[in-house]
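Trainee: Below you'll find the structure I mean.
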Amino acid sequence: MEEETTLQSMTEGVDMMEIAEEVVGEDVGLDEEDEEEMTNELLYEEEVIQEEDVVDRGGEGDCDDKENAESDVADTEFLEDENGVMMEITRRRISQDREGNCYCAKDRNLNIAELLCASCNRWFHESCIGYQLGKLVPFMTNYVFMCKNCSPTGLESFRRSQAQFSQMCFTVLANLTQYAVKDGSNRRLFSKDKDIIPFLEMHWDALTTTTRRVTSSWHSTVLKTLTKDVGPLYIIDEVLDDPLGPYFGLASSDLTTIKPNYDAMIKTGHLKVNDPSSAGAGAALRGRGSKRRNVMEGAIVSQGTIAKKTRGDVFSSKAFHGYPPDHPYNKDNFRYLLAEPDPNAPFRQEFDESSDGAGKPIPGFLYRVLVPCSVLLALHDRAPQLKISDDRLSVTGDKGYSMVRATHGVNRGAWYFEATITDLPEGGATRLGFGQAQANLQGPLGYDKFGYSWRSRYGTAFHVAKGKSFSKGGYGLGDVIGLLIVLPEKNNKNALIPDSFKDKPLVRFKSHLYYEEKDGAEASKKDDAVLPIHQSSMIIGFKNGVCQGAAFQNISEGTYYPTISLYRNTVVRVNFGPEPWMKPDTEIDYKMISEKAEQAIVEQTVADLVFLTEFDGKLTLDNYIHTQS
């Protein structure tokens, strides 16, 4: 009884939020001219600029307060690297709203690879970064990284450059020094032939993008590099008649100061600056030898590289609201959910510091589902031929009927959203309504038993391919159509918590990890399978705010998503909130579907906590997938 009461308190509004924040320990969503110069400036930069960082559940930046975000951006410029890749550069005022590093707010760990965000100057553990980075070693400096809190798209950005031997040697000595600290020997001098060269050979692919050398002539280059910089960077101990000598070490033992110097990258011309004020006029991009050096200290590279385009297109970056634009489509009875590292998972540090995990599956419980922080049209849960607008609130059809679902679904309560046809070609039509995840995307909504729709033509209501007269005359271009779904509250408290997915396998797709879930609804998809009924449930339609009555009553149990199906090149725009375009004529206490975003983050957080609590002491790095009985 006590357990049931506790679970109930965890799933009720504000109490649920407080519990999630207290246990997780973070806000859950409310809100590379010459090589020598490069070496000296790049490897030691003592001044650290503390800047604003807003953290929510895993860093979905779209949930940040817009006024605060705008006040921190003082100016915006653009960078072009040596390969012609454009990157936005953002200057931010100094702010110290939050201390610490990484999404997990934990201290630095010099035993694992960490990346410095070019915008907020905070360090992020490799294991806490959702973007799949490839082979890395600690103390690398030949990269540009942007965390998702600072990224305008909410997606992490990472790009490695070709490392020079000076950078590689420095990184090698830093790693050897840290190894010595870890094993307790505290050595500071290392043999070129016994220590340095073997480390370079073992980690070549992680240290540089340069093709691995076939001959050993580069060994002499390493010696020249180390000897040249003795004094400012290295110390040397030459022992006579020692076949392993000479021995080299770092001049400074403070490894925490090793980081990429983004200002030095600009000064040496490895990142070029372009003035955006001339972009609109089509001004030529500044060359590699540009004398522009008036970038303020602390100016840094912002999000995601944009493939080089024409001058008119290069500054038009699209926002994907924290989701990769090439998210795999849900199809063939499989669904894919974007995953992010879970800082609260057990064995997190052990997994981060392990060196024998290459080629092995990543334990699913070390990650968690990334819940979108706003309700939008799904990029992955749609028919591929449909075109979604940049703001993900409009959709354009193509030929025959096909449909798209929203990112969030509901299974209890009263929820409302609106839609309007903004372009209706001759012979075009649309069906608006609610559908479950099993509804066929390559067909009209209401064709199967998993969807309920209201058609623009003749106002017909459809379910299981059976139409009935609902709203005389239907609706057309410019009409505001509102749909209200009313679902009874669930008596089973466990049903209030969604699946955690931590027991599902992780698959890699284009630098991101996803949980792969088989929908498990084969039995319910059979034509003769009868779905349980939600007693007292209904779907009510509104046209320009005027109630048209209940289109459906006592609908099937399940989670329902706002769904739009289109015929031909019809264009529909949706309104998920926070305010309706036209207030519906109803006394039902409803919520705009946009409110579901915050609720979903809280519910998923609690689901993850319940999973980790239930299997506390039972999870190991070997049983990477837990199969529930």
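Trainee: Give me the net charge for the shell around residue 249: Cβ to Cβ below 14 angstrom, other residues only, Lys and Arg +1, Asp and Glu -1.
Mentor: -1
Trainee: Can you pick out the pairs among 399/591; 472/583; 259/596; 510/591; 331/399 whose Cα atoms lie more than 29 Å from each other? Mind showing how you got there, number by number?
Mentor: Numbers: 399/591 34 Å; 472/583 21 Å; 259/596 41 Å; 510/591 37 Å; 331/399 20 Å.
399/591; 259/596; 510/591, as the Cα separations exceed 29 Å there.
Trainee: Which of the peptides 614-620, 230-236, 572-578 is most tightly packed, and how do the rest follow, going by the mean number of other Cβ atoms within 10 Å of each residue? Could the numbers behind the result be given before it?
Mentor: Details: 614-620: 12.6, 230-236: 15.3, 572-578: 19.6.
Going from most to least packed, we get 572-578, 230-236, 614-620.
Trainee: Hey, another quick one. I need the peptides 215-222, 511-518 ranked by packing, meaning the mean over residues of other C-beta atoms within 10 angstrom, with the highest value on top.
Mentor: Result, highest mean first: 511-518, 215-222.
Trainee: With a ≥ b ≥ c taken as the square roots of the eigenvalues of the C-alpha gyration tensor of the stretch 113-191, please select rounded if a/c is under 1.5 and otherwise prolate if a/b is larger than b/c or oblate if it is not?
Mentor: Verdict is prolate for the stretch 113-191.
Trainee: Okay, moving on. On alpha carbon coordinates alone, what is the Rg over Rh value for the stretch 509-610, Rh being the Kirkwood radius?
Mentor: With Rh from the inverse mean 1/r over Cα pairs, Rg/Rh is 1.01.
Trainee: For the stretch 163-210, what's the radius of gyration and Dmax over Cα atoms, in angstrom?
Mentor: Values for the stretch 163-210 (Cα only, Rg and Dmax): 10.8, 34 Å.
Trainee: Binning at 5 Å from 0, report for the stretch 323-410 what percent of all alpha-carbon pair distances ends up in each bin.
Mentor: Result, from short to long distances: 3, 11, 19, 18, 14, 11, 9, 8, 5, 2, 0 percent.
Trainee: May I ask you to order 150-159, 172-181 by the average number of other C-beta atoms within 10 Å around their residues, highest value first? Could the numbers behind the result be given before it?
Mentor: Details: 150-159: 22.6, 172-181: 19.9.
Taking the mean over residues of other Cβ atoms within 10 Å, the ranking is 150-159, 172-181.
Trainee: A further question follows. Across bins of 5 angstrom width beginning at 0, how are the C-alpha pair distances of the stretch 165-257 distributed, in whole percent?
Mentor: Binned Cα distances yield the sequence 2, 13, 26, 27, 20, 10, 3, 0.
All of the numbers you see were taken from the coordinates with simple rules; none came from a lab. Fair warning: this is a prediction, and the values are worked out from it, not measured in the lab. We place every Cβ from the backbone using ideal geometry, glycine too, and count neighbours over all the protein chains shown.
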